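This report concerns only the one structure given below.
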Amino acid sequence: EKEILRKPEWLKIKFNTNEEYRDLKKLMREKNLHTVCEEARCPNIHECWGQRRTATMMILGSVCTRACRFCAVKTGLPTELDLEEPERVADSVKIMNLKHVVITMVARDDLKDGGAGIMAETIRAIRRKSPQTSIEVLPSDLGGVEENLRILMDARPDILNHNIETVRRLTPRVRARATYDRSLEFLRRAKEMQPDIPTKSSLMIGLGETWEEILEVMDDLRANNVDIMTIGQYLQPTKKHLPVKKYYSPLEFGKLRKIAMEKGFKHCEAGPLVRSSYHADEQVNEATKA
Ligand code: SF4
Ligand code: SF4
């Protein structure tokens, strides 16, 4: 148990900085705007901001009512509800001139609608101010309440993303309050409510799951009509979080991607540095093609 896994070469990335990235970063400082990309020190930021003009924004505060054991977001008593937030986020999207935006949130189990209303308003505000920008939402399970999901789906995001995070067996150890089946049900219902909106889910690997268990997740997602899957390497944010049990090689990720496509996903991103929102701009087009 004392053994600490060494980080393999393919995770030691070199930053390839570019002008667009630097301009955007300067703009963000001037306007005092914040993104998940910067706060999570995401390794893909130069590519996303520079070439792809994609960013992830977190709404409903930065303190979460849950404490998942892989996640670096602070846990505690939730902050107030900021009714101006949708307009502010929409202004940021416009200022950044984003092609694709991912709107994510902390779990707000203190709110009756789980935060669905503010997320829906954010979609509408972005649509008004930046009609060309594609919008992906990454909500919590909204307490598993069907009505909350309906509030969100009625606002018609371009992609509904809800992460399964880990395999069935490890879910109680890895995620707080969320359950594997509730997340599957969430994805299935979203598809039933708005059949033409692509659904998407992400899996982290390296937490001690078996290869078979990964394939089971794929089958479960497909059985609930999920269109897009992303698979990335789990990295331990701090020593207090769950340890990494295995670093998968780029070859293994390649195999998983191939299997996912054979199982019928319309798009799959799989790789050591793949994150939920990585290459999300491409997925909108590919998932709506069919
Ligand atoms: Fe931001 Fe997601 Fe891109 Fe990372 S992968 S830089 S979090 S949009
Ligand atoms: Fe992190 Fe989401 Fe879990 Fe909250 S619910 S601790 S934001 S993964």
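The values are calculated or read from the model by the stated rules, or taken from the named source; none is laboratory data. Every value quoted in this text rests on a predicted model; they were computed, and no experiment measured them. For neighbour counting, all protein chains shown are included, and Cβ atoms are generated from backbone atoms with ideal geometry for every residue, glycine included. Keep in mind that these areas ignore ligands, DNA and RNA; they rest on the heavy atoms of the full protein, side chains included. Shrake-Rupley method; radii C 1.70, N 1.55, O 1.52, S 1.80 Å.
So the values come out like this:
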{"quantity": "Condition met for Arg108 (more than 13 Å from ligand 2 (Cβ to nearest atom) and either of a type in the set (Val, Ile, Thr) or farther than 21 Å from Gln283 by Cβ (or both))", "calculated": "no"}
{"quantity": "Subset of segment 66-77 (residues that are within 13 Å of ligand 2 (Cβ to nearest atom), in a loop (DSSP other than H, G, I, E, B) and out of contact with any Leu (no Cβ under 8 Å at 6 or more places or on another chain))", "calculated": "Arg66, Ala67, Cys68, Cys71, Ala72, Val73, Gly76"}
{"quantity": "Hits in segment 26-42 - residues which are crowded, with 16+ Cβ neighbours inside 10 Å and either more than 21 Å from Cys71 (Cβ to Cβ) or in contact with a Leu (Cβ under 8 Å, 6 or more places away or on another chain) (or both)", "calculated": "Met28, Leu33"}
{"quantity": "Strands (runs of 3 or more DSSP E) lying entirely in segment 175-282 (those with 1 or more residues that are among the basic types (Lys, Arg) and either within 29 Å of Gly114 (Cβ to Cβ) or touching a helix residue (DSSP H, G or I) at 6+ places or on another chain (Cβ under 6 Å) (or both))", "calculated": "199-205"}
{"quantity": "1 or more residues open to solvent by 10 Å² or more (accessible area, probe 1.4 Å) and touching a residue at least 60 places away in the same chain (Cβ under 8 Å): qualifying helices (runs of 4 or more DSSP H) within segment 88-174", "calculated": "171-174"}
{"quantity": "Flag if Ala72 is touching a residue at least 60 places away in the same chain (Cβ under 8 Å) and surrounded by fewer than 16 Cβ atoms within 10 Å (Cβ to Cβ)", "calculated": "yes"}
{"quantity": "Some residue of segment 76-85 being open to solvent by less than 50 Å² (accessible area, probe 1.4 Å), in contact (Cβ under 8 Å) with a residue 24 or more places away in the chain and within 16 Å of ligand 1 (Cβ to nearest atom)", "calculated": "no"}
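Listed here are the residues, each with its yes/no results for (1) within 16 Å of ligand 1 (Cβ to nearest atom); (2) modelled with pLDDT of 95 or more; (3) open to solvent by 20 Å² or more (accessible area, probe 1.4 Å); (4) among the aromatic types (Phe, Trp, Tyr).
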site	(1), (2), (3), (4)
Glu213	no, yes, yes, no
Asn224	no, yes, yes, no
Ile231	yes, yes, no, no
Met261	no, yes, yes, no
Asn285	no, no, yes, no
